[in-house]
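Here's a structure for you.
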């Protein structure tokens, strides 16, 4: 018979507190309040109850009281299940704090909903801690298959998972945990045997590159050799291929895919460094016959353009190595180039590029989609994660995360890093082959030149000397670009006929710029220099220009040397080859050859001189089976003639002897 006066103000405060804790009205009465959301139940039981005023009394039902022990943060144990040469599998066991097993399917469904709370069948609520949530989400995305709580992975995912699963790992470490250390420290692995002549020619860092590639092979991975331009990515790839032949590890051929302008360079490098490899270039209209005999070759070289056309020929073929050179040709994953390359079957895949990322992280995704499909997730998820707008701090963290993922599969050295092993000046010759139409034009000019030479032999050299030497000039112009020829020499050939050397020059310039180099491009023809400005402007590449008509020479030189945003300087050999200091550049391209190599050396020395603190790379562009190869041979084979007297080499076309001219016009 006692009456209690209600304190409505305190009741309203209590009700507000309960509502703030996540309770919702189930009817219109003051006592019809319920917790329905999982996160609200977990928060109330784990946090809110501990903060309630002391005068509050809480009455738990028996079921809720039983669930209190299980209402906690989940605990995860990961163990190895099995592994093979190309795969591994793990099991994941989830439990609540009191040992209550957590059905794994419920955890995955929560992760798919982006929900970090799980309601167990008995009603208990378990929270997935952030790190545990992330690990399970990563594992579910990377797994190639799953059965209940067992995940199956391809071997490449071992490197991405090893660090992430470490806090939850239970039991002995499996073999796949050690793969990351093996890749990041290839020096602990023995070197592969190489042909003695090749081994003597390789520099220490190149042998280390070959060893790194052999470690990739032994781990069952594929990678990117991203050394800076001029450090010999080609010879390292060839060494890796020939080492497998020496060890009889494979009887399959290897395939190299490169830009059309580099086909002959690859073949020349293979003949020079790895003559043990039976090599062939696939091109021209007779390709069908070549495909019938491919089992006779160790190294097959083709272009991206022809790979697209011939993709059906490769459907049944299996290769030891597939090498992509200048792999920016597949950086757009939607292109035909990318699709054709990714359809190839190979035991080992290698990408050669000095610039794995040119425009965006998606460039890298496409390369890895060729090398290790699925390693970086889907293209959509990758772009959503790494390319969406983020604040500076978050962007830096994502960049570090991506770098950690790809670092074991990329080897990059710069000239600065290996400068102790490099000469002060690197000299390189890049070969290219005339296209079919350009070849016919050249052969017609050559035939006319040989007829003139025979006439000069009969009627006297001096009488026909000028006409013969003019033919040599036209042959050299045809090699540089058909557009240089007067119309009477072109005949019915189109003036806009493409030039493979011009395309090669553009490839070299772009690669050099992407690697942070600055370029001097020399030609004795101002008409050659005139080919570049339109292209450079379209590519938004700033440049300087200097020829014999340039009035403000020194201002142009100072502008180039002082403005590092100008990566290209176009110079005529005569006007820019002497008397200038151009140490702002470190790469020299000789678009066409001069009769006297000392003149070319003088031009290279515009940048290779006192004040230059970087290694200088000098590159000569040479069309195969043309007068340019003859000039190169003349420079090398007749050095005794060149040096009979100091400066006694022919410095101009008029200094050539009849014997020199006959040599230049000989058929190959």
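All of the numbers you see were taken from the coordinates with simple rules; none came from a lab. These numbers come from a predicted model, not from an experiment. Note that each Cβ is placed from the backbone with ideal geometry, even for glycine, and that neighbours are counted across all protein chains shown.
Could you give the nm distance between label points at residue 46 and residue 552, where each point is 7 Å from its Cα heading toward the beta carbon?
7.1 nm
Compute the distance in nm between two label points, each set 7 Å from the Cα along the Cα-to-Cβ direction, one at residue 93 and one at residue 404.
2.7 nm
While we're on this one: Return the FRET efficiency for the residue pair residue 497, residue 170: r is the Cβ-Cβ distance, R0 is 45 Å, and the value is rounded to the nearest 0.05.
E between residue 497 and residue 170, to the nearest 0.05, is 0.05.
Fewest first, what order do 489, 375, 431 take by the number of other Cβ atoms within 10 Å?
Fewest-to-most ranking of 489, 375, 431: 489, 375, 431.
With an 8 Å cut-off on Cα pairs and a minimum separation of 6 or more residues, tell me the relative contact order of segment 395-498 in percent.
Over segment 395-498, the number comes to 22 percent.
For residue 379 and residue 64, calculate 0.36 nm times their separation in residues minus their Cα-Cα distance, and state this gained length in nm to one decimal.
Stretched fully, the residue 379-residue 64 segment lengthens by 108.8 nm.
How much of the DSSP beta bridge set in the chain is antiparallel, as a percent to the nearest 5?
That works out to approximately 30 percent antiparallel.
Here's a follow-up. When only C-alpha pairs under 8 Å and at least 6 residues apart count, what is the relative contact order of segment 8-68, in percent?
Averaging sequence separation for qualifying contacts and normalising by length gives 22 percent for segment 8-68.
What order do you get for 451, 538 when you list them from fewest to most C-beta neighbours inside 10 Å?
With the fewest neighbours first, 451, 538 line up as 538, 451.
Normalising by the residue count of the chain, find the relative contact order in percent from Cα pairs under 8 Å and 6+ residues apart.
9 percent
Treating the chain as a set of equal point scatterers at the Cα positions, no solvent, please give the Debye-formula log₁₀ I(q)/I(0) at q = 0.08 Å⁻¹.
Listed by q, the Debye log ratios stand at -0.74.
With labels modelled as points extended 7 Å from the Cα through the Cβ direction, what inter-label distance (nm, one decimal) is found for residue 82 paired with residue 469?
Reported label-point gap for residue 82 and residue 469 is 8.1 nm.
Taking the chain as the reference, fit the longest principal axis to its C-alpha atoms, fit the long axis of helix 553-562 to the helix C-alpha atoms, and give the angle between the two in degrees, 0 to 90, nearest 10.
Between helix and principal axis, roughly 30 degrees.
Expected output is a single nm value to one decimal: the length gained when fully extending between residue 540 and residue 601, i.e. 0.36 nm times separation in residues minus the C-alpha distance. What is it?
18.9 nm
Figure the gain on full extension for residue 204 and residue 10 (residue separation times 0.36 nm, minus the Cα-Cα span) and round it to one decimal in nm.
Extra length available between residue 204 and residue 10 comes to 61.6 nm.
A further question follows. Taking 45 Å as R0, compute the FRET efficiency from the Cβ-Cβ separation of residue 114 and residue 420 and round it to 0.05.
Calculated value: 0.30.
Which order results if 661, 528, 290 are arranged by neighbouring Cβ count within 10 Å, fewest first?
So the residues, fewest neighbours to most, are 290, 661, 528.
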